[in-house]
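Colleague: Here it is, the structure, as structure tokens.
The values are calculated or read from the model by the stated rules, or taken from the named source; none is laboratory data. Note that the structure is a prediction, hence the values are computed from the model and not measured. All Cβ positions, glycine included, derive from the backbone under ideal geometry; neighbour counts span all protein chains shown. In case anyone asks, the SASA skips ligands and DNA or RNA and just uses the protein heavy atoms, side chains included. Shrake-Rupley method; radii C 1.70, N 1.55, O 1.52, S 1.80 Å.
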Amino acid sequence: MSSRREIRCRCGRWMWAQPGVSSIQCSTCHSVTQLSSLVDIARGANRVLQGLQQLRRQHKQQQPQHQQQIMAQQPPPPPRLLEPLPSPFGKKRAVLCGLDYKGKSYSLKGCISDAKSMRSFLVQQMGFPIDSILMLTEDEASPQRIPTKKNIRKAMRWLVEGNRARDSLVFHYSGHGSQQKDYDGDEVDGQDEALCPLDHETEGKIIDDEINKILVRPLVHGAKLHAVIDACNSGTVLDLPSVCRMERNGYYEWERQTSGRTYKGTNGGTAICFSACDDHEASGYTPVFTGKNAGAMTYSFIKAVKTAGTVPTYGHLLNHMCSAIREAQSRLASDGHYTNPDETPVPLLTSSEVFDIYATKFVL
């Protein structure tokens, strides 16, 4: 009895089928149901189900090996070149930018070398720790050290982050400078000065209003920033409120630079900038000093500090720089490179405050 099967007819009646019977007739509708075909269908379905289960087990066993093969075929990920920025809390730290604009129609010569020369000068002569100097040039391996607009902004913020009394900060830039229309009315000449990062064609320039906001405004009492800008149209690129106008005989006077109501000073600290030329002038490079292309401003600044005495004043330093550049350009003029050496652009000094340049010592 246990081997009997219960079969349902198409009319809905249930019937019992004995073992070995190949067909059965319904007593109600008299239709005949073939039992062998049902058995075959059930057996076929069981075989299909067993086959699917076996394939599933094989797939699970082979999947880890297959994934390993795919990973082995893929190239290894590139090494991480992002480096953490140095600690911003050293007493002496610097940001040095050198842009040659390699491959561009407006490429320059010697700007990267200027940044490297400034680094050597700060480390060997001024006692700056090498780890506290952030270099941004096209020769750097890390993407964070390429002088793009984003990276220069980030480096400037790093330079003044958490600045404290007796901090000595240096910002050096050697590259293209420019001017553009002033839209907020804070410029006497109606022009904003700007630095040209490597991606300025797509990302735009860094104008003096922003540079002042990032580098100058955060300086607290006792902290000092020195900027050396070797670029065209760079006279007031830090938007400092006071400009030192010096004549050939060494006489000078301070001139108020900004107009309008916007405050351009510091938060109690001091900011001083040596620029390669006035806002309307173009800077130059010269092989006269070293026999190779170099920014006249950068080279004359380093040379002046080294030769002007143990602790020179700002006045003596500025005089030495101006004289060195005029002499170098006069030598070039004698070779036919310049027609009027008397109009040679000379460095310009700007400051967050007025001071006696012949009584105040230059100290980094």
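Colleague: Here are some conditions: (1) free of Cβ contacts under 8 Å to residues at least 40 places away in the same chain; (2) open to solvent by 40 Å² or more (accessible area, probe 1.4 Å). Gly185 meets all but one. Which one does it not meet?
Modeller: Evaluating Gly185 over (1) free of Cβ contacts under 8 Å to residues at least 40 places away in the same chain; (2) open to solvent by 40 Å² or more (accessible area, probe 1.4 Å) leaves (1) as the failure.
Colleague: Suppose we filter the range 153-167 for residues that are open to solvent by 10 Å² or more (accessible area, probe 1.4 Å) and farther than 30 Å from Lys102 by Cα; how many remain?
Modeller: Residues flagged as open to solvent by 10 Å² or more (accessible area, probe 1.4 Å) and farther than 30 Å from Lys102 by Cα within the range 153-167 amount to 6.
Colleague: Quick one: how many residues across the range 168-182 are open to solvent by less than 40 Å² (accessible area, probe 1.4 Å) and in contact with a helix residue (DSSP H, G or I) (Cβ under 9 Å, 6 or more places away or on another chain)? Give the derivation first.
Modeller: First, the residues of the range 168-182 that are open to solvent by less than 40 Å² (accessible area, probe 1.4 Å): 168-175, 177-178, 182.
Now narrow it down to the ones that are in contact with a helix residue (DSSP H, G or I) (Cβ under 9 Å, 6 or more places away or on another chain): 169-175, 178, 182.
So the answer is 9.
Colleague: Output yes when any residue across the range 205-223 is among the acidic types (Asp, Glu) and open to solvent by less than 10 Å² (accessible area, probe 1.4 Å), and no when none is. Walk me through it before giving the result.
Modeller: As a first pass, look at the range 205-223 and keep what is among the acidic types (Asp, Glu): 208-210.
From what is left, the residues that are open to solvent by less than 10 Å² (accessible area, probe 1.4 Å) are 208.
Yes, the range 205-223 contains a residue that is among the acidic types (Asp, Glu) and open to solvent by less than 10 Å² (accessible area, probe 1.4 Å).
Colleague: I've got another one for you. I'd like to check something: does the range 340-362 contain any residue that is modelled with pLDDT under 90, out of contact with any Lys or Arg (no Cβ under 6 Å at 6 or more places or on another chain) and among the aromatic types (Phe, Trp, Tyr)?
Modeller: Checking the range 340-362: not a single residue is modelled with pLDDT under 90, out of contact with any Lys or Arg (no Cβ under 6 Å at 6 or more places or on another chain) and among the aromatic types (Phe, Trp, Tyr).
Colleague: Would you check if Ala155 is over 20 Å from Leu238 (Cβ atoms), of a type in the set (A, V, I, L, M) and within 19 Å of the chain's Cα centre (by Cα)? First the steps, then the outcome.
Modeller: Numbers: over 20 Å from Leu238 (Cβ atoms): no; of a type in the set (A, V, I, L, M): yes; within 19 Å of the chain's Cα centre (by Cα): yes.
So Ala155 does not fit the description; no.
Colleague: For the range 302-311, indicate whether the set of residues that are modelled with pLDDT of 90 or more and outside any helix (DSSP H, G or I) is non-empty.
Modeller: Scanning the range 302-311, I find no residue that is modelled with pLDDT of 90 or more and outside any helix (DSSP H, G or I), so the answer is no.
Colleague: Scan (1) part of a loop (DSSP other than H, G, I, E, B); (2) surrounded by 16 or more Cβ atoms within 10 Å (Cβ to Cβ); (3) more than 16 Å from the chain's Cα centre (by Cα) for the single condition Ser113 breaks and write down its number.
Modeller: Result: Ser113 fails condition (1) only.
Colleague: Taking the condition closer than 23 Å to Pro312 by Cβ and among the polar types (S, T, N, Q), does Ser178 pass?
Modeller: On the way: closer than 23 Å to Pro312 by Cβ: no; among the polar types (S, T, N, Q): yes.
For Ser178, the condition - closer than 23 Å to Pro312 by Cβ and among the polar types (S, T, N, Q) - is not met.
Colleague: Under 7 Å by Cβ, and 6 or more places apart or on different chains, what pairs join a residue from the range 104-119 that is closer than 23 Å to Val170 by Cα with one that is of a type in the set (S, T, N, Q) and open to solvent by 40 Å² or more (accessible area, probe 1.4 Å)?
Modeller: Taking only residues 6 or more apart or on different chains, the pairs are Lys109/Asn293; Gly110/Asn293.
Colleague: Within the range 171-231, which strands (runs of 3 or more DSSP E) (wholly inside it) include 2 or more residues that are of a type in the set (S, T, N, Q) and either over 24 Å from Ala94 (Cα atoms) or modelled with pLDDT under 95 (or both)? Steps first, please.
Modeller: Working: elements: 177-181, 191-195, 224-230.
Qualifying strands (runs of 3 or more DSSP E): 177-181.
Colleague: Checking Cys273 against (1) at pLDDT below 75; (2) open to solvent by less than 20 Å² (accessible area, probe 1.4 Å), which test does it fail?
Modeller: Among (1) at pLDDT below 75; (2) open to solvent by less than 20 Å² (accessible area, probe 1.4 Å), the lone unmet condition for Cys273 is (1).
Colleague: Still on this model: Please find, within the range 188-209, the residue that is farthest from Lys109 (Cα to Cα) out of those that are among the acidic types (Asp, Glu) and touching a residue at least 60 places away in the same chain (Cβ under 8 Å).
Modeller: We begin by selecting, within the range 188-209, every residue among the acidic types (Asp, Glu); these are 189, 192-193, 199, 201, 203, 208-209.
Next, from what is left, pick out any that are touching a residue at least 60 places away in the same chain (Cβ under 8 Å): 189, 193.
Values: Asp189: 30, Glu193: 22 Å.
Restricting to residues being among the acidic types (Asp, Glu) and touching a residue at least 60 places away in the same chain (Cβ under 8 Å), the top hit is Asp189.
Colleague: Taking only pairs six or more apart or across chains, which ones have beta-carbon atoms under 7 Å, a first residue in the range 129-149 that is at positive phi, and a second residue that is open to solvent by 20 Å² or more (accessible area, probe 1.4 Å)?
Modeller: Partner pairs satisfying both residue conditions: none exist.
Colleague: Still on this structure, I have one more. Considering only the range 143-157, state which residues are over 18 Å from Ile214 (Cα atoms) and part of a loop (DSSP other than H, G, I, E, B). Full working, then the answer.
Modeller: Keep residues of the range 143-157 that are over 18 Å from Ile214 (Cα atoms), which gives 143-146.
The answer is Ile146, and nothing else.
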